[in-house]
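The values are calculated or read from the model by the stated rules, or taken from the named source; none is laboratory data. Remember, predicted model here, so these are calculated numbers, not experimental data. Don't worry about glycine lacking a Cβ; one is built from the backbone with ideal geometry, like all the others, and counts go over all protein chains shown.
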Amino acid sequence: MATQSHGIVVSIKPLHALVQGVMGDTGKADLLMRQNASPHGYSLRPSQLQLLQKARAVFYIDDAFEPFLRNALKNLPSTVTVVEIAHQPGMEILPLRKSSDWDNHDHAEHGHQETSARSENDHGHEGDDLHIWLDTDNARTIVQIIARRLSEINPDNASIYQVNAKRLLDRIEILDKELAVLLQPVKDKPYIVLHDAYQYFDHQQGLNGVGSITIEPNQPQSIKDVQAIRKKLQDEKVVCVFREPQFSDRLIETVIEGSSVRIGTLDPIGAALEENPDLYFLLMQELAGNFAACLDEDRN
């Protein structure tokens with residue numbers, strides 16, 4: 001009988017769902033960010049710091065994405081295996097866009113850059129877009145990384161991890177087909193998002209995102225920036241502007257004032273979804289469904 005896996009800690013919900021999916025019935029992974037919050041403004045509680053100290057392994061994206069982990073990771077015992085997912089071999093990374101006004105014509109030419117593993121002390125690539133799980137090809141790589149690293153930590157369960165990983169990869173294959181069907185009717189519809197969190201999803205699915213209201217939603221926007229995005233709204237004949245439940249709608253309301261553009265909701269980390277091994281698939285299906293519902297003018 002397989003031994004129980006204890007002490008596996010994961011930062012955010014989409015990654016936690018994939019880790020738990022690979023672990024299956026061998027044990028329960030602990031999730032750090034349970035609340036409906038942004039990773040950039042999150043703070044660890046004392047009990048979570050203690051959990052990290054006692055962990056066997058910590059899985060996270062990158063400490064540029066989860067800055068709340070930076071100090072905690074530096075102070076972990078050497079016995080803790082730290083797995084920074086974003087820069088493992090085989091992961092494909094897109095650079096952050098430097099402006100909220102995107103040049104949509106470059107979509108077809110803007111390819112991924114495959115990353116190589118970095119040294120143990122080389123953390124926090126501030127120039128990378130780290131919403132990597134929103135590309136299902138990256139999700140496949142993440143599943144394989146998780147299975148490999150868990151097998152190193154708990155070799156008695158290695159065969160179980162491999163079976164579970166194969167099951168997840170098969171589900172991602174089905175998910176790809178579901179997303180393609182759902183999004184096909186709205187691929188040409190221009191939209192604007194609150195902040196630039198959906199580049200991976202947009203590129204993989206061939207959607208027509210034309211800009212974001214802000215680079216960083218917690219930072220104030222200048223009058224010039226607001227005027228520029230309002231002009232974009234008109235010039236591009238934007239169908240929908242997408243809000244996020246973790247952030248205030250104040251900026252969106254200012255930008256769309258006086259227009260007839262629709263408002264949709266997107267949640268890139270599944271903050272409102274219940275923690276469970278199916279969350280990654282529910283998140284991706286919900287994203288696609290919300291894109292389709294707001295952008296399909298025949299459905300509104």
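Here is a list of conditions, (1) assigned to a helix (DSSP H, G or I); (2) assigned by TED's automatic domain parsing to the domain that holds Cys294, and Val193 meets all of them except one; can you say which number that is?
All conditions are met except number (1).
Residues of region 185-243 being polar (S, T, N, Q) and surrounded by 14 or more Cβ atoms within 10 Å (Cβ to Cβ), which ones?
Those that are polar (S, T, N, Q) and surrounded by 14 or more Cβ atoms within 10 Å (Cβ to Cβ): Gln199, Gln204, Gln205, Asn208, Ser212, Thr214, Gln221.
Under the condition of being of a type in the set (D, E, K, R) and surrounded by fewer than 19 Cβ atoms within 10 Å (Cβ to Cβ), which residue from region 31-81 is nearest to Glu216 (Cα to Cα)?
So the residue we want is Arg70.
Just to verify a result, which residue in region 240-257, among those that are outside any helix (DSSP H, G or I) and charged (D, E, K, R), is farthest from Glu286 (Cα to Cα)?
Applying the filter and picking the extreme gives Glu257.
If you take the residues in region 244-261 that are surrounded by 18 or more Cβ atoms within 10 Å (Cβ to Cβ) and not hydrophobic (A, V, I, L, M, F, W, C), which one is nearest to Arg34 (Cα to Cα)?
Looking at the filtered set, the residue picked out is Gln246.
Of Asp188, Asp235, Asp249, which residue is farther than 30 Å from Leu18 by Cβ and in contact with a Lys or Arg (Cβ under 6 Å, 6 or more places away or on another chain)?
It is Asp249.
Here is a check on your reading of the model: is Ile269 within 30 Å of Val19 (Cα to Cα), touching a residue at least 40 places away in the same chain (Cβ under 8 Å) and in contact with a Lys or Arg (Cβ under 7 Å, 6 or more places away or on another chain)?
Answer is yes for this residue.
Looking only at region 210-244, which residues are small (Gly, Ala, Ser) and farther than 20 Å from Phe65 by Cβ?
Across region 210-244, the qualifying residues are Gly211, Ser222, Ala228.
When region 212-234 is examined, which residues are found to be assigned to a loop (DSSP other than H, G, I, E, B) and not hydroxyl-bearing (Ser, Thr, Tyr)?
Ile215, Glu216, Pro217, Asn218, Gln219, Pro220, Gln221
Which condition number does Lys237 fail, the rest of (1) part of a helix (DSSP H, G or I); (2) basic (Lys, Arg); (3) at positive phi being met?
Status for Lys237: all satisfied but (1).
Taking Gly264 as the residue in question, decide whether it is exposed (fewer than 14 other Cβ atoms within 10 Å of the Cβ) and farther than 30 Å from Ala29 by Cα.
no
Mind counting the residues in region 210-239 that are over 26 Å from Gly41 (Cα atoms) and of a type in the set (Gly, Ala, Ser)?
Selection size over region 210-239: 1.
Hey, does region 203-224 have a residue that's among the acidic types (Asp, Glu) and closer than 14 Å to Met284 by Cβ?
Checking region 203-224: not a single residue is among the acidic types (Asp, Glu) and closer than 14 Å to Met284 by Cβ.
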